[in-house]
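Inspection log for the structure reproduced underneath, given as structure tokens.
Readers should treat all values here as calculations from the given coordinates under stated rules, not as data from a laboratory. Nothing here was measured: the structure is a model prediction, and the numbers come from that model. A quick note on method: Cβ atoms are made from the backbone with ideal geometry, for glycine too, and the neighbour counts reach across all protein chains shown.
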Ligand SMILES: C[S@@+](CC[C@H](N)C(=O)[O-])C[C@H]1O[C@@H](n2cnc3c(N)ncnc32)[C@H](O)[C@@H]1O
């Protein structure tokens with residue numbers, strides 16, 4: 001953390017390194033395996049709410065040329081490919097991209113290795129999607145990120161994002177990882193082998209997010225499931 005309370009470039013680099021190192025164990029979190037197994041009741045709630053998220057994305061039926069930011073191992077990539085004609089997927093981690101490529105096995109996907117805090121779109125797309133990326137964007141970079149999203153989306157194009165619920169639900173992660181204190185946007189993440197990294201984890205308020213999207217030229221409805229997820233659907237104003 002820099003002296004003025006903003007997130008330093010070193011911390012953003014540490015977060016990128018964390019995801020590179022975590023790539024091979026990443027899906028344990030979404031699939032509630034290993035350290036992320038929170039028992040049958042919480043797991044069942046997680047899977048039911050996750051299914052709702054996937055259905056919300058499916059309902060948009062994003063066609064044409066779609067952009068996915070921070071695609072990771074491909075949980076959302078494979079759903080997008082049900083309807084997209086082409087997909088451009090931008091992530092900083094070659095390890096994540098390798099897993100994604102193996103999972104979807106698709107010539108229609110163009111992978112771009114880039115730092116999303118510096119990357120700018122070279123064109124506008126028919127749809128833009130990002131899963132569990134927004135909570136890694138520091139508060140002071142949120143407006144700039146949303147402006148990048150607006151620049152990447154054609155007027156009338158479809159936007160979808162999904163992320164962590166604003167209630168900071170402890171069972172969303174593993175019991176050995178403490179969520180940030182209220183007001184803080186950094187936390188320590190641990191790999192299965194015990195290595196630790198500082199990362200950004202901001203739990204955005206849905207109303208604030210909708211307002212910031214509007215300011216960036218995006219009309220977005222932000223909703224939350226009962227326990228685990230926040231999601232936005234919308235478009236870019238013409
Ligand atoms: C929480 S994962 C989300 C993956 C996937 N979208 C999902 O929902 O499962 C965050 C992703 O952001 C990527 N990432 C981290 N820092 C990045 C950066 N500075 N630029 C681009 N991608 C970054 C990681 O490699 C990782 O794939």
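Once fully extended, how much extra length lies between residue 223 and residue 205, figured as 0.36 nm per residue of separation less the alpha-carbon to alpha-carbon distance? Write down the numbers at each step before the final one.
Values: separation 18, 0.36 × 18 = 6.48 nm, distance 1.01 nm.
Extra length from residue 223 to residue 205 when fully extended: 5.5 nm.
Averaging over all projection directions, find the projected area of the Cα convex hull of segment 9-236 and quote it in nm² with one decimal place. Please report the intermediate quantities before stating the final value.
Values: hull surface 45.0 nm².
Hull-based average projected area comes out at 11.3 nm².
What percent antiparallel are the DSSP beta bridges of segment 81-231, to the nearest 5?
Numbers: 10 of 21 bridges.
Among the beta bridges of segment 81-231, antiparallel pairing accounts for roughly 50 percent.
Report, to two decimal places, the Cα Rg of segment 70-156 normalised by 2.2 N^0.38 Å (N = number of residues). Mind showing how you got there, number by number?
Working: Rg = 12.7 Å, N = 87, 2.2 N^0.38 = 12.0 Å.
With N residues counted in segment 70-156, Rg over 2.2 N^0.38 Å equals 1.06.
Going 7 Å from the Cα of residue 195 along its beta-carbon direction, which residues of segment 82-117 have the amide nitrogen within less than 16 Å of the resulting point?
93-97, by backbone N distance to the label point.
Quick check: the distance between the Cα centres of segment 22-53 and segment 89-117, to the nearest angstrom?
Segment 22-53 and segment 89-117 have Cα centres spaced 22 Å from each other.
Could you work out [θ]222 nm for the chain from helices alone, using -39500 (n - 2.57) per DSSP H run of at least four and dividing by all its residues? Round to the nearest 500 deg cm²/dmol.
Details: 7 runs with 75 residues, N = 238.
The helix-only estimate for the chain comes to -9500 deg cm²/dmol at 222 nm.
Could you work out how much longer the chain between residue 184 and residue 118 gets when fully extended? Use 0.36 nm per residue separation minus the Cα distance between them, nm to one decimal.
Values: separation 66, 0.36 × 66 = 23.76 nm, distance 2.36 nm.
The residue 184-residue 118 span can extend by a further 21.4 nm.
With an 8 Å cut-off on Cα pairs and a minimum separation of 6 or more residues, tell me the relative contact order of segment 92-238 in percent.
On the way: 222 pairs, mean separation 37.5, N = 147.
Reported relative contact order: 26 percent.
Using Cβ contacts closer than 10 Å as the measure, can you line up 119, 76, 133 from fewest to most? Don't jump to the answer; show the numbers that get you there.
Numbers: 119 15, 76 23, 133 19.
The fewest-first ordering by Cβ neighbours comes to 119, 133, 76.
Can you give the relative contact order of segment 28-149 as a percent, counting alpha carbon pairs under 8 Å and 6+ residues apart?
Numbers: 156 pairs, mean separation 29.5, N = 122.
It comes to 24 percent, rounded to a whole number.
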